[in-house]
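Colleague: Below you will find the structure I want to go over with you.
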Amino acid sequence: MWRLPIVLGPMANAAGGRLAGAVSRAGGLGFLGAGYYAKDTLLTEIQAARAAGGGGDDGRLPVGIGFLAWRLEKLPRADAEALVDTALDAHPAALWFSYGPPGSAEAWCAYVRKKAANPAPALFVTASTLEDVHAANASKLVDAIVVQGLEAGGHGLGSGRPRDELLLDAVRATNAAERPKLLSAGGLADGRDIAGQLALGADAVVLGTRFLLTPEAAYTDAQKQLLLHAHGHDTVRSMAFDDARGTTDWPEGIDGRGLRSATVDEYDAAARGLSWHEQQQQQGRVPGIEARQERYRRAMADGESARMITWSGTGVGAMHDIVPAAELVERLAREAREALAAAQTRLGGARTP
Ligand SMILES: Cc1cc2nc3c(=O)[nH]c(=O)nc-3n(C[C@H](O)[C@H](O)[C@H](O)COP(=O)(O)O)c2cc1C
């Protein structure tokens with residue numbers, strides 16, 4: 001699945017073929033964030049991934065493709081299947097289904113298992129709770145379970161758990177010889193973080209925000225500059241981002257982590273007095289939504305960075321430069337090796353040659 005256990009998570013509107021291809025070419029595994037793609041865009045980005053990914057002559061696409069399961073569920077069934085079939089026709093290394101209503105990701109995995117030609121793509125799903133891990137494991141359909149902690153940038157379960165806690169529970173509750181690969185995601189910034197996850201028992205790690213700080217990411221220069229200057233405590237989990245964009249049809253319980261901004265402050269002021277649970281239930285109905293969306297639209301047209309939506313994980317404070325994705329993958333792997341070797345020395349154990 002990968003030469004280096006470093007995976008670029010799918011990032012809708014941020015990780016296209018150029019970025020995913022560069023990560024896979026460097027030995028990691030890159031995913032296209034295909035969540036909002038129509039068929040034409042998917043085909044264009046697949047082509048870009050092929051160009052950047054340096055795949056062999058076997059016709060396989062060296063990257064994975066990440067779908068938002070809830071979006072597939074909202075499409076007419078034939079359109080959703082046509083999107084997934086388009087992905088399958090490219091013979092991708094992997095497919096990833098995330099953020100669906102219960103059972104949806106596994107149902108799409110079953111669809112792929114039935115349809116895919118050999119070699120079939122590896123199948124990834126996201127787990128935000130131990131129950132998710134058990135469900136994915138029990139389905140026997142999945143090759144990789146990505147344990148996502150609440151530190152993660154972008155969308156996730158608002159009532160999720162800290163990454164390390166969830167990863168350790170997942171490692172302890174499953175049999176390494178029989179379970180799918182376990183990956184961990186959320187708040188990871190450098191090779192030292194990666195070393196920590198591997199030591200806890202993860203088979204590989206998933207990074208999102210760190211890869212936004214590459215020339216290949218589709219984020220604007222203004223968004224990248226905000227990330228470069230942000231600290232972890234500048235990030236916040238909120239419904240404000242989807243409220244402003246008008247993307248309020250995510251499944252209940254899902255919010256997103258991004259940089260605090262005037263958009264968030266305004267939403268918080270309107271939602272003051274409502275509990276997080278009430279905000280969830282009132283998704284898209286916190287008073288004043290039309291005015292907030294209008295202000296957001298105008299601010300984006302005027303390039304006003306104070307209102308911009310910049311998804312970000314808590315690791316952002318340890319990200320200090322914009323580097324080409326391939327260089328980043330190599331650097332992360334080198335740093336992780338050095339951190340693990342230093343830990344082994346501290347333990348006094350023999351170094352394996
Ligand atoms: C801008 C952005 C967009 C994202 N879009 C998706 C998506 O479409 N599908 C998905 O499964 N995860 C999505 N994620 C989550 C990432 O795949 C990954 O799990 C997460 O970024 C890891 O946390 P980190 O950002 O702290 O490294 C997104 C994250 C970001 C930052």
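Colleague: Could you give each residue of the stretch 270-280 its phi-based ³J(HN,Hα) in whole Hz, using Karplus coefficients 6.51, -1.76, 1.60 with θ = phi - 60°, and x for Gly or Pro?
Modeller: Per-residue couplings from phi come out as 6, 8, 3, x, 8, 6, 4, 5, 5, 4, 4 Hz.
Colleague: If neighbour count is taken as other Cβ atoms inside 10 Å, put 312, 104 in order from fewest to most.
Modeller: Fewest-to-most Cβ neighbours within 10 Å comes out as 104, 312.
Colleague: Another question, if that's okay. What is the gain in length, in nm to one decimal, between residue 3 and residue 115 on full extension, counting 0.36 nm per residue of separation less the C-alpha to C-alpha distance?
Modeller: Result: 37.6 nm gained on full extension.
Colleague: In addition: To make sure I understand the rule: partners must be aspartates and glutamates, Cα under 13 Å from the Cα of residue 115, and not fewer than 8 residues away in the same chain. Which ones qualify?
Modeller: By straight Cα distance, residue 115 reaches 81, 85, 89.
Colleague: Okay, moving on. For a quick check: sort 245, 179, 334 by the number of other beta carbons within 10 angstrom, fewest at the front.
Modeller: Ascending number of Cβ neighbours within 10 Å: 334, 245, 179.
Colleague: For the stretch 166-212 and the stretch 115-151, what is the separation of their Cα centres, given in Å?
Modeller: What the calculation gives is 13 Å, centre to centre.
Colleague: Once you compute Rg and the Kirkwood Rh from C-alpha atoms, what is the Rg to Rh ratio for the stretch 251-306?
Modeller: Result for the stretch 251-306 is an Rg/Rh of 0.98.
Colleague: Rounded to the nearest 0.05, what FRET efficiency do residue 318 and residue 85 give with R0 = 30 Å and r taken as the Cβ-Cβ distance? Could you check?
Modeller: That pair, residue 318 with residue 85, gives E of 0.15.
Colleague: Using every pair of alpha-carbon atoms in the stretch 1-48, split the distances into 5 Å bins beginning at 0 and state the percent of pairs per bin, rounded to integers.
Modeller: 5, 26, 30, 21, 12, 5, 1
Colleague: Just to be sure I understand: if I project the alpha-carbon convex hull of the stretch 124-275 onto a plane and average over all orientations, what area do I get in nm²?
Modeller: The number I arrive at for the stretch 124-275 is 10.3 nm².
Colleague: Would you compute the Debye intensity of the stretch 207-283 from its alpha-carbon atoms alone, equal scatterers and no solvent, and pass along log10 I(q)/I(0) at q = 0.18 Å⁻¹ to two decimals?
Modeller: -0.81
Colleague: Quick check on my link table: of 114/140; 114/181; 74/114; 74/181, which ones sit more than 25 Å apart, alpha carbon to alpha carbon?
Modeller: 74/181
Colleague: What is the order of 193, 85, fewest Cβ neighbours within 10 Å to most?
Modeller: 85, 193
Colleague: Report, in deg cm²/dmol and to the nearest 500, the calculated mean residue ellipticity at 222 nm for the chain, where each DSSP H run with n ≥ 4 adds -39500 (n - 2.57) and the sum is divided by the residue count.
Modeller: -13000 deg cm²/dmol
Colleague: Please list, short to long, the whole-number percent of alpha-carbon pairs of the stretch 264-352 in consecutive 5 angstrom bins beginning at zero.
Modeller: All Cα pairs considered, the percentages come to 2, 10, 12, 13, 12, 10, 8, 8, 9, 7, 5, 3, 1.
Colleague: Please compute the modelled spin-label separation between residue 165 and residue 247, points set 7 Å along Cα→Cβ, answer in nm with one decimal.
Modeller: 2.7
Colleague: For the stretch 264-320, state which trypsin sites (Lys or Arg not before Pro) are in a DSSP loop and have at most 16 other beta carbons lying within 10 Å of their beta carbon.
Modeller: 272, 285
Colleague: Taking θ = phi - 60°, what integer Hz values does the Karplus form 6.51 cos²θ - 1.76 cosθ + 1.60 yield along the stretch 326-336, in sequence order, with x for Gly and Pro?
Modeller: 5, 5, 5, 4, 5, 5, 4, 5, 5, 4, 5
Colleague: So what's the stretch 276-316 giving for Rg/Rh, alpha carbon basis, Kirkwood Rh from the mean inverse pair distance?
Modeller: When Rh is taken as the Kirkwood radius, the ratio is 1.08.
Colleague: Let me ask something additional. Could you tell me what a quarter of the Cα convex hull surface of the stretch 37-195 works out to, in nm² with one decimal place?
Modeller: Result: a mean projected hull area of 10.2 nm².
Colleague: Provide the descending list of Cα extents for the chain along its principal axes, expressed in whole angstroms.
Modeller: 61, 52, 39
Colleague: Moving on. What list of ³J(HN,Hα) values in whole Hz, one per residue of the stretch 10-17 in order, does the Karplus curve 6.51 cos²θ - 1.76 cosθ + 1.60 (θ = phi - 60°) give from phi, with Gly and Pro shown as x?
Modeller: Values per residue, Gly and Pro as x: x, 9, 4, 6, 9, 10, x, x Hz.
FYI, it's all coordinate maths here, none of it is from the lab. Given the structure is predicted, the values throughout are model-derived calculations rather than measurements. Counting neighbours? That spans all protein chains shown, and the Cβs are built from the backbone with ideal geometry, glycine included.
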